[in-house]
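Report on the following structure.
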Amino acid sequence: MHDHLRQQLKDEGFCVVPDVLSRDELMRARAGLDRAVELTRQAMGAAHDGRLDPNAANIRAYNLPAADPVFIDLLKHETALEAVEEVLGPHALVSNFTANIALPGSGSMKLHSDQALVVPPPWQHSWAMNVIWCLDDVHAANGATRYLPGSHRYRDFDEVPPDAMERTRAFEAPAGSFIAMEGRLWHTSGQNVTANERRRMLFAYYSSDFIRQQANWTASLPAEVQDGMDAETRALFGLGPMGNVRIGGALTRL
């Protein structure tokens, strides 16, 4: 990551890192997402989650690392992990990895902060973040994620203004890029008002290693996926009898 992106991430709570994926890598990720959507339909009966989204034009895919090895590659991508370390330090874990596809007519979910979902206030430090992989060009009209400027400095729910939704702005990012977004930044999915554009985004959610992960990877990842992981990957997922034990001043995962 360039220094100006590191500074933006610190000052504004996000940055857009362009040109991360090659065309072949992008096509592989898109194909993997198609498989993940189908697996979600098989597991849940539908790929629309009414708990989160207002209508069936919003498509969700869960447990991406179980669907295709490409998603584990994205979680371990060197540039993505640079962004993660910039926010969380060297001892972060993969908490969850999901996808949100906005088809024409899709609506917005509720405004929220990801850190507020897992840590009670006050939010003194950033303990969670998203690396949002853009598989299409994303912009306001096709449902790009919308963020509330400056909200990564909020320490409590009372600081969220009553007109917060009206103050949000849409991210703009090209296909093959990712948006690094720290966990305290309030945001929501945008509305897709285009006639025929599909907006595909992957949400790689990392958290500090003292916070319980959203996904139970031991239970949710098939044995063959876990068996194929090297020690570094298993450490990133927090797999093993102990996920974060400090020995001799260094973090060791067994």
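The values are calculated or read from the model by the stated rules, or taken from the named source; none is laboratory data. All values derive from a computational prediction rather than experimental measurement. Using ideal geometry, Cβ is built from the backbone for each residue, glycine included, and neighbour counts are taken over all protein chains shown.
Structure notes:
- Residue that is modelled with the highest pLDDT, among those in segment 227-254 that are of a type in the set (A, V, I, L, M), over 23 Å from the mean Cα position of the chain (by Cα) and in a loop (DSSP other than H, G, I, E, B): Met242
- Breaking point among (1) of a type in the set (Val, Ile, Thr); (2) closer than 18 Å to Gly13 by Cα; (3) buried (at least 21 other Cβ atoms within 10 Å of the Cβ), for Val160: (3)
- For the condition touching a residue at least 40 places away in the same chain (Cβ under 8 Å), in contact with a His (Cβ under 8 Å, 6 or more places away or on another chain) and among the hydrophobic types (A, V, I, L, M, F, W, C), Val94 does not qualify.
- Checking Asp73, Asp49, Asp34, Asp53 one by one, the residue that is surrounded by fewer than 19 Cβ atoms within 10 Å (Cβ to Cβ) and either among the β-branched types (Val, Ile, Thr) or assigned to a loop (DSSP other than H, G, I, E, B) (or both) is Asp49 and no other.
- Check on Ser106, of a type in the set (Ser, Thr, Tyr) and over 27 Å from Arg212 (Cα atoms): yes
- Matching residues, segment 132-154, being in contact with an Asp or Glu (Cβ under 9 Å, 6 or more places away or on another chain), over 17 Å from Trp186 (Cβ atoms) and not in a loop (DSSP other than H, G, I, E, B): Val138, Asn142
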